[in-house]
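Scroll down for the structure; my scribbles are underneath it.
The values are calculated or read from the model by the stated rules, or taken from the named source; none is laboratory data. The model shown is predicted, which means the values in this text are computed figures rather than measured ones. Please note that ligands, DNA and RNA were not included when accessible areas were found on the heavy atoms of the full protein model with its side chains. Shrake-Rupley method; radii C 1.70, N 1.55, O 1.52, S 1.80 Å.
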Amino acid sequence: MIKDDCLFCKIASGSIPSATVYEDSNFRVFMDVNPASKGHCLIVPREHFDNVYDMDAETAGRLFSLATGIARAQRKALKCDGLNIVQNNGAVAGQTVNHFHLHLIPRYEGDGMNLLWNPHKAEPEELEEVRKMIRKSI
Ligand code: AMP
Ligand code: ZN
């Protein structure tokens, strides 16, 4: 399905131009216009999925397989020292475009970028309670 009012549906289909690094019948990979670092790319499926919850397993598998290839191409081309793969779901998680997209963000020694969250020390009981809740829901 394609959504008429969706920016990334339009970019994925090519009706809005993008700085494309790769495309095939299922996906487009293009440069983020506001890159977090040099070489920041986005992978989008041509089909519209709002977020990770909506995506079917076959598309997800193909998408991650493609991501491994793009990651290696970024490393080869940019000589980056590392890479963050980020994917935001929901406004609270930082999602601003409601069409699934995977960020591939090259990292460079000393880039000073901060993608860190604020970890807290969990008690074993807390981990166990949450572990059971998630496990039951799979
Ligand atoms: P997110 O915050 O995870 O929803 O990420 C949306 C990303 O899309 C941001 O990093 C934006 O810089 C990027 N973005 C928005 N519009 C465009 C566009 N027209 N072309 C390329 N990247 C875009
Ligand atoms: Zn879309």
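Values for this structure:
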item	result
Whichever lysines have a C-alpha closer than 21 Å to that of K38, once near sequence neighbours (fewer than 8 apart) are set aside	K76, K79
Listed residues D81, D50, D111, most fluctuating in the chain (Gaussian network, C-alpha, under 10 Å)	D111
Carbon plus sulfur fraction of accessible area for the chain, probe 1.4 Å, in percent	56 percent
Length-normalised contact order of the range 7-137 in % [C-alpha pairs under 8 Å, at least 6 apart]	23 percent
Cα centroid of the range 86-117 to Cα centroid of the range 53-83, whole Å	14 Å
GNM flexibility winner over the chain from N34, N89, N51 (Cα, springs under 10 Å)	N34
Per residue solvent-accessible surface (Å²) - the range 7-137, probe of 1.4 Å	65 Å²
